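The values are calculated or read from the model by the stated rules, or taken from the named source; none is laboratory data. Bear in mind the structure is a predicted one, so any value in this text is a computation, not a measurement. Cβ placement follows ideal geometry from the backbone for every residue including glycine, while neighbour counts extend to all protein chains displayed.
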């Protein structure tokens with residue numbers, strides 16, 4: 001089994017590769033090689049028995065993508081993307097990486113011909129949905145994004161469905177909730193503060209909260225995200241019919257509930273490190289985001305998520321301890 | 001007022017130009033010039049006072065589209081497309097014309113810079129919807145196309161929304177019902193027979209009906225299609241917010257009701273010229289198409305359609321008489 005991971009240096013990509021290397025098999029087969037690709041070369045320690053081929057490049061370059069696909073990976077995870085804030089600020093770059101990158105990938109797979117039909121797991125986003133919403137967004141609600149990032153993800157979903165319907169690829173698209181708690185530094189995503197208000201206080205630092213306490217959001221842990229990817233890679237896709245893209249299950253929590261869980265898990269001193277500093281730009285972006293979902297379709301085909309926000313915080317603390 | 005019509009040689013394009021030339025003004029301004037473009041050069045008699053510039057070319061060629069937009073038309077009607085049957089048979093051609101053509105158009109408009117923001121009316125299709133459906137498809141139902149044509153139209157809608165949201169263009173997308181009765185010859189669209197079973201019997205010829213009598217479909221007349229375009233070109237777009245694409249109103253009729261209307265308007269002898277010859281391929285395609293809509297949003301912003309199928313047939317007979 002050969003596996004290609006696009007976006008392998010990112011937070012979710014690194015965790016996915018850790019999980020693949022820990023499991024050593026997937027879908028009942030031994031993992032023989034992993035091609036790890038990103039815009040910067042992924043740093044992965046090669047364990048015994050698994051070839052790791054790390055490389056760096058631009059997925060907006062068709063020849064680069066073609067060379068990766070020419071190795072005929074059995075499974076492809078496409079996690080590479082420009083995040084929402086950057087795609088909104090740099091219109092051309094967002095379309096180039098987020099949309100053309102996917103087109104190149106699908107075309108490269110199709111060009112390999114009839115005997116090649118890999119499983120392709122694509123990470124989409126709840127940013128494909130835009131206000132006004134249903135109270136709980138169902139699986140038949142329209143994609144009406146309010147950002148270029150969401151537009152690009154929605155276009156990729158349509159392409160994934162069509163290329164799968166035509167038999168060129170065996171695609172599954174998973175719309176990830178906002179991933180909380182992301183480790184490391186804040187990034188350019190407008191959603192970055194959802195992790196920041198947990199991560200920074202736990203690390204003894206002050207965190208800025210740019211939106212109101214009653215803002216509700218849809219979140220899942222990094223471990224859940226990896227679980228979604230693993231299930232999407234191995235599930236029976238016949239049950240999906242022509243609709244290959246699914247809203248993943250998650251937790252619908254308010255900022256107040258997140259802070260209350262932080263207080264419960266880590267105490268008042270930690271929770272009090274959150275400083276309220278409203279930011280009209282971020283408030284406006286977040287107001288256009290979905291807050292709650294009925295992810296019944298994904299649950300019915302075996303996807304499952306975190307049970308409580310306290311659990312998410314505890315998992316983050318355990319991860320940080322493991323990283324030293 | 002300068003107007004660009006892409007797809008000006010097609011049935012709807014020709015009728016639109018006839019209407020523009022008859023009205024002489026649009027949105028309160030005199031029409032000074034019409035640029036009429038298609039894959040074959042449109043043949044239009046230039047009336048006094050209006051410049052007609054007809055040309056032929058390939059909208060999948062970016063430079064061709066750029067040259068058309070460089071004339072800075074105040075309004076653009078983008079009707080050019082490969083029809084559903086052909087887009088399904090020729091995957092590359094469908095994406096090239098239907099998706100890349102739209103991308104070239106939007107990019108050419110954006111490249112003109114901040115002082116240029118034309119009204120762009122784009123003809124989408126109810127083919128953006130795919131089974132399973134709601135009984136009546138509402139304005140918040142997901143686009144889940146079951147053809148490459150529908151996928152391409154859905155991608156164009158997302159792009160039109162995003163470019164409009166960013167202020168690069170002032171777009172309105174209208175999802176046309178199946179247009180019945182199309183004059184002339186059958187085309188490669190899988191929906192061609194919906195016109196054929198009315199048009200051919202009225203012309204004294206036999207028509208093949210490839211699907212069952214209880215098949216229900218969503219239709220509008222050519223005159224209604226032109227009315228939708230005119231309203232989309234002149235309406236206040238502020239009321240649309242970020243959702244610039246609308247399902248147009250239409251009539252939900254069964255084949256049996258269509259034939260009954262034909263019998264009522266033209267008599268038994270005409271209606272009996274329809275021969276039933278089921279075609280499994282067409283039946284399968286049509287089974288994936290929507291049958292009925294609640295087009296409340298379009299109606300609320302002033303779009304209106306035909307009142308009965310008998311009226312549609314009578315309008316077709318009058319049109320044919322006028323054409324001699």
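Brief remarks on what is shown
- The lone criterion from (1) assigned to a helix (DSSP H, G or I); (2) touching a helix residue (DSSP H, G or I) at 6+ places or on another chain (Cβ under 9 Å); (3) under 25 Å from residue A:143 (Cβ atoms) left unmet by residue A:217 is number (1).
- The one condition in (1) without any contact (Cβ under 8 Å) to a residue 24 or more places away in the chain; (2) within 14 Å of chain B (Cβ to nearest Cβ) that residue A:57 fails to fulfil: (2)
- The stretch A:29-54 - residue that is touching a helix residue (DSSP H, G or I) at 6+ places or on another chain (Cβ under 8 Å) and more than 17 Å from residue A:12 (Cα to Cα) and, of those, surrounded by the fewest Cβ atoms within 10 Å (Cβ to Cβ): A:47
- For the residues B:109, B:82, B:44, B:97, the requirement of being closer than 24 Å to residue A:156 by Cβ, in contact (Cβ under 8 Å) with a residue 24 or more places away in the chain and in a loop (DSSP other than H, G, I, E, B) singles out B:82.
- Restricting the stretch B:234-271 to residues that are in a loop (DSSP other than H, G, I, E, B) and touching a helix residue (DSSP H, G or I) at 6+ places or on another chain (Cβ under 8 Å) leaves a set whose member that is nearest to residue B:207 (Cα to Cα) is B:250.
- Long-range neighbours under 7 Å by Cβ, at least six apart or interchain, first residue under 24 Å from residue B:145 (Cα atoms) within the stretch B:291-304, second at pLDDT below 95 and in a loop (DSSP other than H, G, I, E, B): B:292/B:135; B:292/B:136; B:293/B:136; B:294/B:136
- Residue count for the stretch B:124-138 satisfying the condition of being more than 8 Å from chain A (Cβ to nearest Cβ) and either surrounded by 19 or more Cβ atoms within 10 Å (Cβ to Cβ) or touching a helix residue (DSSP H, G or I) at 6+ places or on another chain (Cβ under 9 Å) (or both): 9.
- As a summary of the residue check, residue B:63 satisfies the conditions (1) without any contact (Cβ under 8 Å) to a residue 24 or more places away in the chain; (2) under 22 Å from residue B:157 (Cα atoms) except for the one numbered (2).
- Criterion (in contact with a strand residue (DSSP E or B) (Cβ under 9 Å, 6 or more places away or on another chain), at the interface with another protein chain (Cβ under 9 Å from one of its Cβ atoms) and either in a helix (DSSP H, G or I) or buried (at least 17 other Cβ atoms within 10 Å of the Cβ) (or both)) met by exactly one of B:150, B:171, B:196: B:150
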